[in-house]
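Reading through the structure tokens given below for one structure.
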Amino acid sequence: VVKVPQGATVAELADLLDIPASDIVKRLFLLGTPLTMTQSMSDELIELVADDLGREVKVMTKEEENSFTFYDDPADLLPRAPVVTVMGHVDHGKTSTLDAIRHTGVAEGEAGGITQHIGASQVKINGRTITFVDTPGHETFTAMRARGAKVTDIVVLVVAADDGVMPQTIESINHAKAAGVPIVVAVNKIDRDDANPDRVRQELTEYGVIPEEWGGENMFVNISAKKNMGIDELLETILLQADVLELKANPNTFASGYVLEAKLDRGRGSVATLLVNRGTLHVGDALVAGMSYGRVRAMLGQNGQPVTEAGPSDPVEILGLSSVPAAGDEFRVFQDERDARDLAESRSLKARIEEQNKVKHVTLENLFDTMEDAEVKELNLVVKADVQGSIEALSDALGKMDQSEVRINIIHSAVGAISETDVILADASNAIIIGFGVRPEAKARAAAERDNVQIKCYQVIYKAIEDIDAARVGMLKPTE
Ligand code: GDP
């Protein structure tokens, strides 16, 4: 299947199908729709011509081209390794289990070679690979999922046989279920005298985690991470669960996937661990990861060894990004580095605008701190009062106040209740609204809350003056 962008011209289609453009022009003529080389074609026409030529095409919209739901021909999909996350209650043995697994699965000649930690690792058993992703907890797992990152095919739930189901066991189950990820249960610490693996099975049924032998859907394995018992069986069980899932990906395309973790390293710059979920990543590839971009300068495997490529389900550490992406960010390789930069820049621009729209406005309480880094130190006020006299009294008093540090501007004043319009004005001018003997209308109150505009209401002038004076020098303590 050849992917054709929507609105492709005759020449572009010829290029994609690798045939002379004159062939297509001829066919179009015979189909009764004569077009020249540079004219673009409708979706139907592209499909019709392709069909006529005995070729299969998929017309891609701009969104499809830019989205992460890439289209793959089923014929291009090949089996890939399962990606596993270990979860469970604290002290039930997650770390010990991962350690035991890594020791079992270390390929010969590599033994003892676990020197570096990149946040994920792979083990081999019976000639097949399993990828383990370290997430420090189910919160991280869910935070990443909330950002759309799919970095787990199977959850291994570790439950200590001497302790049974505990609060974080239940949380882990709920997080895995919410993500629709199957759970394999590792009942740990069976070497202990007080171990009661059957009680664990019994307790888990209450949370919908039911052993297959009891008619449920979950595979259970008894292990002792400490005594290295049952670890092979656990790995084999993970592979059985993976077989049920029929995990596949197209390795022969541009790579994409997710950032597992990233940091700024003094010597090496931005260092990111990526999990590839489609395609193959190579040294030299141009990519975008969240808001950063760059070329893969170097790639390191789980033991810190240089690698030249990483395929589906492979975790890899890369150098060369312009900045540090966030965990859970998508990454994607582009043919052209300029496209990568454009996407990264448009994303960061969008993020900046969103950030700006969230700005907190000045309040009397934060005035001093806000002013500290401001170029022009001024306080804008919108004043509403029940009588004109109050407005005049306030502006007189403010006029007498020391304004060498902060200039005070009344940008609007009027008699009447505080209205929505006052809030909109204050919002646009980063002003505080002061009311004398008046209250905000309901709409104004809602708008103020939405836009983070402070409204301060007073009954007496001197109290307002006192507050403004204190705010000016950073002495006003928040009251509410
Ligand atoms: P985590 O908090 O879930 O990562 O748990 P750890 O792996 O740090 O283990 C917590 C404690 O349980 C440690 O003291 C381990 O030595 C102990 N432990 C882990 N697995 C076993 C086991 O299979 N048997 C016994 N007896 N102790 C274990």
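Key figures
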quantity	calculated
GLY164 within 11 Å of the ligand (Cβ to nearest atom), at positive phi, surrounded by 15 or more Cβ atoms within 10 Å (Cβ to Cβ) and at pLDDT 95 or above	no
The stretch 185-201: number of residues that are away from the ligand (no atom under 16 Å from the Cβ) and surrounded by 20 or more Cβ atoms within 10 Å (Cβ to Cβ)	1
Test: residue in the stretch 348-358 that is of a type outside the set (S, T, N, Q) and assigned to a strand (DSSP E or B)	no
Residue match in the stretch 269-277 (condition: touching a Phe, Trp or Tyr at 6+ places or on another chain (Cβ under 8 Å), among the polar types (S, T, N, Q), crowded, with 17+ Cβ neighbours inside 10 Å and touching a residue at least 60 places away in the same chain (Cβ under 8 Å))	yes
Residue within the stretch 401-411 that is polar (S, T, N, Q) and without any contact (Cβ under 8 Å) to a residue 12 or more places away in the chain present	yes
Criterion (without any contact (Cβ under 8 Å) to a residue 60 or more places away in the chain and either among the hydrophobic types (A, V, I, L, M, F, W, C) or not in a strand (DSSP E or B) (or both)) met by exactly one of VAL259, VAL296	VAL296
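The rows are residues; the columns are (1) modelled with pLDDT of 95 or more; (2) more than 16 Å from the ligand (Cβ to nearest atom).
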| site | (1), (2) |
| --- | --- |
| GLU203 | yes, yes |
| PHE220 | yes, no |
| GLY230 | yes, no |
| ASP243 | yes, yes |
| LEU260 | no, yes |
| ARG268 | no, yes |
| VAL276 | yes, yes |
| GLY290 | no, yes |
| GLN305 | no, yes |
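The values are calculated or read from the model by the stated rules, or taken from the named source; none is laboratory data. Note that the structure is predicted; figures quoted are calculated from it, not measured. Cβ sites come from the backbone with ideal geometry, for glycine too, and all protein chains shown count toward neighbours.
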